[in-house]
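*Asks:* Sending over a structure as structure tokens; questions will come in a sec.
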Amino acid sequence: MSSQVRGMRRTAVGVVVSDKMKKTRRVEIPRLEKHPRYGKYIKRRTICYAHDEKNESQVGDTVEIMEARPMSKLKRWRMVRVVKKAPTQAAAPSELAPPAV
């Protein structure tokens, strides 16, 4: 398959909200939508299940996904790259302290 055909697939940027499945990530793509009557902008979201072959993304990462062939019942996207890694949280002091006797 030529790269020119593959380049025509839709891409989207979203945030990983779940990484509990093997090689699958749940990606949330936020958007603003104008209310038809009142004109107020409303936050909406689209949830996509994306294939992550190397399990390289974590919860909170911003990723780029690309449309792909159906891989399972819900999975129709594949992860292209990690745009921005999520900040890692340091362990809380109570987790580092030895248990009290």
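*Asks:* How many residues does segment 39-79 contain that are hydroxyl-bearing (Ser, Thr, Tyr) and not in a strand (DSSP E or B)?
*Replies:* Total satisfying the criteria: 2.
*Asks:* Taking only pairs six or more apart or across chains, which ones have beta-carbon atoms under 7 Å, a first residue in segment 27-49 that is under 11 Å from residue 12 (Cβ atoms), and a second residue that is among the aromatic types (Phe, Trp, Tyr) and not in a loop (DSSP other than H, G, I, E, B)?
*Replies:* Taking only residues 6 or more apart or on different chains, the pairs are 48/77.
*Asks:* Let me ask something else about it. How many residues are surrounded by 14 or more Cβ atoms within 10 Å (Cβ to Cβ), under 12 Å from residue 15 (Cβ atoms) and touching a Ser or Thr at 6+ places or on another chain (Cβ under 7 Å) when one looks only at segment 66-87?
*Replies:* 1
Laboratory data are not the source of any read-out in this text; all were calculated from the coordinates shown. In this text the structure is predicted, and so the values were computed from the model without any measurement. Positions of Cβ are generated from backbone atoms using ideal geometry, with glycine treated the same way; all protein chains shown enter the neighbour counts.
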